[in-house]
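What follows is a set of notes on a single structure, which appears directly below.
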Amino acid sequence: MIPAVATDLNTILKLSVPVLVLVGERRIPLDDVLSLGPGAIVELSKSAEDDLTFRINNKTVGQGVAVKVGENFGIRITRIASKRQRVKALAG
């Protein structure tokens, strides 16, 4: 008989979680945000060659560089947190 804990762990490990890749950040006045429209450009303080920040649950767990994957963009991981740190990020 398989222990219930092992079954629960297998179920948990199959869950999909949202991943966020942060290109850059900028603080702008709310009035400027409200005036944004299609075609607007928001300049970021980050160079196009700088590493991107890889986040889970809005906690940084790694860094990488942008890559093209077919017609899409992806991130090639260059630094990743330990498994323990990544699990901790999932916990909130």
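Within the range 34-45, being aliphatic (A, V, I, L, M) and loosely packed, with under 10 Cβ neighbours inside 10 Å holds for Leu34, Ala40, Ile41.
Residue-by-condition table, conditions (1) over 13 Å from the mean Cα position of the chain (by Cα); (2) free of Cβ contacts under 8 Å to residues at least 12 places away in the same chain; (3) exposed (fewer than 13 other Cβ atoms within 10 Å of the Cβ); (4) assigned to a loop (DSSP other than H, G, I, E, B):
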{"residue": "Thr11", "(1), (2), (3), (4)": "yes, yes, yes, no"}
{"residue": "Leu15", "(1), (2), (3), (4)": "yes, yes, yes, yes"}
{"residue": "Val21", "(1), (2), (3), (4)": "no, no, no, no"}
{"residue": "Asp32", "(1), (2), (3), (4)": "yes, yes, yes, no"}
{"residue": "Ser47", "(1), (2), (3), (4)": "yes, yes, yes, yes"}
{"residue": "Val65", "(1), (2), (3), (4)": "no, no, no, no"}
{"residue": "Gln85", "(1), (2), (3), (4)": "yes, no, no, no"}
{"residue": "Ala89", "(1), (2), (3), (4)": "no, no, no, no"}
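Exactly one residue out of Ile56, Ile77 is without any contact (Cβ under 8 Å) to a residue 24 or more places away in the chain and surrounded by 11 or more Cβ atoms within 10 Å (Cβ to Cβ): that is Ile77. If you check Ile12, Ile2, Ile41 for being at pLDDT below 90 and over 26 Å from Ala89 (Cα atoms), only one passes: Ile2.
The values are calculated or read from the model by the stated rules, or taken from the named source; none is laboratory data. Note that this is a predicted model, so its numbers are computed, not measured. Backbone-built Cβ (ideal geometry, glycine too); neighbour counts: all protein chains shown.
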